[in-house]
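Below: one structure, written as structure tokens.
The values are calculated or read from the model by the stated rules, or taken from the named source; none is laboratory data. Quick caveat, the model's predicted, so the values are computed rather than measured. Neighbour counts run over all protein chains shown; Cβ positions are idealised from the backbone, glycine included.
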Amino acid sequence: MENPAKRISELLKSQDDFLIASHYNPDGDAIGSACAMGHILTHLGKRFTLYNQSGLPDRYGYVEMPGLMVTSLPETMPKWTIVLDCGAADRMGDALLSRKDETRIINIDHHLGNGDFGTENWVDVNEPAVGSMIALLAKELNIPLVGPLAQCIYLAVATDTGFFTYGSTTPESLELAAEILRGGLDIAHINMMVTKQWSEERLRLWTEVMDNVELYLDKQVAITAITNDIFERTGTTSEDTENIINFVNRLRTVRVAATLREEGPDRYKFSLRSYGDDNVQEIAARFGGGGHRNASGGTIEAPLEEAKMMLVEIIGGSLGLS
Ligand SMILES: [Mn+2]
């Protein structure tokens, strides 16, 4: 059977200069896997440029970087570009996308529907993170998982698996975490650095959004609205709403949690969460949206109160409550 980690590691050894890129608006996996790749190339004595169209977000300021993360591309592109955690070519950002013919792409990813847009492709949807794939590369190259390299791999895998709680968590990823921990990672410190990143503005937003939760149908449905008014009042953006819905869904009585985020006049983006057999993908589909059985979303064009009532009616019908 072909070993893609071996194939890619041979390629890394045979070349001298690389561009490392990951998706714009980077998350923990995009930053962690890109920096881990940089540490590997440093170990191999290779030259590389670390690039991200959005740059390094402040919240990753604690990461032990293998070099500066630049936001502009070199005048002359290296022969090879390693593209990480991009589910499609356009995720690398328009700047790199428009110059991708000046380089050859090593596409390492774990998203469904990647489309193998690289010259070399290693796409494995069973991997919980690109970071865990970079760990396999390090293994292949006999580079020990300690120090900054291990920190970056942990960041990637821990964030993409929700700290090893999502269904994507594999036995191998837990073994990888164990190996990194054995190698000396300060797990409490890095987990704290990953999560302790809230602004006061975000706290105020969450307070207001939680305060606005309304319960329907014997408290089995929870809905909260996130209006532009709240964003303005608290000085926040939609980025600060990430994960709110999962906390609303923690209410013991709730089977479906919903948020309605204002996108424009009488236009709301909704998100739905459920657990087990309660299928919110079907509910989202009724509004032309989509997603998964327990996490879905879409858009409703209606004034807020009307949008809420439409949701309650469809959810109630779907759960057999009305
Ligand atoms: Mn990822």
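Can you tell me which residue among Ser54, Ser132 is part of a helix (DSSP H, G or I) and either in contact with a Ser or Thr (Cβ under 9 Å, 6 or more places away or on another chain) or within 16 Å of the ligand (Cβ to nearest atom) (or both)?
Of the residues listed, the single one that is part of a helix (DSSP H, G or I) and either in contact with a Ser or Thr (Cβ under 9 Å, 6 or more places away or on another chain) or within 16 Å of the ligand (Cβ to nearest atom) (or both) is Ser132.
Consider Glu179 against the criteria (1) under 17 Å from Val130 (Cβ atoms); (2) out of contact with any Asp or Glu (no Cβ under 8 Å at 6 or more places or on another chain): it satisfies all of them except one. Which criterion is unmet?
The single condition Glu179 does not satisfy is (1).
Can you find even one residue in the range 153-161 that is surrounded by fewer than 24 Cβ atoms within 10 Å (Cβ to Cβ), touching a residue at least 24 places away in the same chain (Cβ under 8 Å) and in a loop (DSSP other than H, G, I, E, B)?
Scanning the range 153-161 turns up at least one residue that is surrounded by fewer than 24 Cβ atoms within 10 Å (Cβ to Cβ), touching a residue at least 24 places away in the same chain (Cβ under 8 Å) and in a loop (DSSP other than H, G, I, E, B).
Restricting the search to the range 45-81, which residues are surrounded by 14 or more Cβ atoms within 10 Å (Cβ to Cβ), over 18 Å from the mean Cα position of the chain (by Cα) and closer than 21 Å to Pro144 by Cβ?
Lys46, Phe48, Met65, Pro66, Gly67
What residue, of Glu140, Glu175, is touching a residue at least 60 places away in the same chain (Cβ under 8 Å) and more than 16 Å from the ligand (Cβ to nearest atom)?
Answer to the selection: Glu140.
Given the options Met65, Met69, Met77, Met37, name the one that is aliphatic (A, V, I, L, M), within 16 Å of the ligand (Cβ to nearest atom), in the same structural domain as Lys139 (by TED's automatic domain parsing) and on the phi < 0 side of the Ramachandran plot. Before the answer, list the steps.
Numbers: Met65 fails: within 16 Å of the ligand (Cβ to nearest atom); Met69 fails: within 16 Å of the ligand (Cβ to nearest atom); Met77 fails: within 16 Å of the ligand (Cβ to nearest atom).
After ruling out the rest, the residue left standing is Met37.
Pairs please, first residue from the range 186-214 and more than 13 Å from Asp240 (Cα to Cα), second anywhere and among the charged types (D, E, K, R), Cβ atoms under 7 Å, 6+ apart in sequence or on different chains.
none
Do you know which residues across the range 252-265 are touching a strand residue (DSSP E or B) at 6+ places or on another chain (Cβ under 6 Å) and without any contact (Cβ under 8 Å) to a residue 40 or more places away in the chain?
Val254, Ala257, Arg261, Glu263
Being crowded, with 18+ Cβ neighbours inside 10 Å and either over 15 Å from Leu215 (Cα atoms) or free of Cβ contacts under 8 Å to residues at least 60 places away in the same chain (or both) is the filter here; which residues of the range 300-313 pass it?
If the condition is that a residue be crowded, with 18+ Cβ neighbours inside 10 Å and either over 15 Å from Leu215 (Cα atoms) or free of Cβ contacts under 8 Å to residues at least 60 places away in the same chain (or both), then Ile300, Ala307 are the ones that fit.
Within the bounds of the range 95-107, is there any residue that is assigned by TED's automatic domain parsing to the domain that holds Glu10, assigned to a loop (DSSP other than H, G, I, E, B) and farther than 15 Å from Leu11 by Cα?
yes
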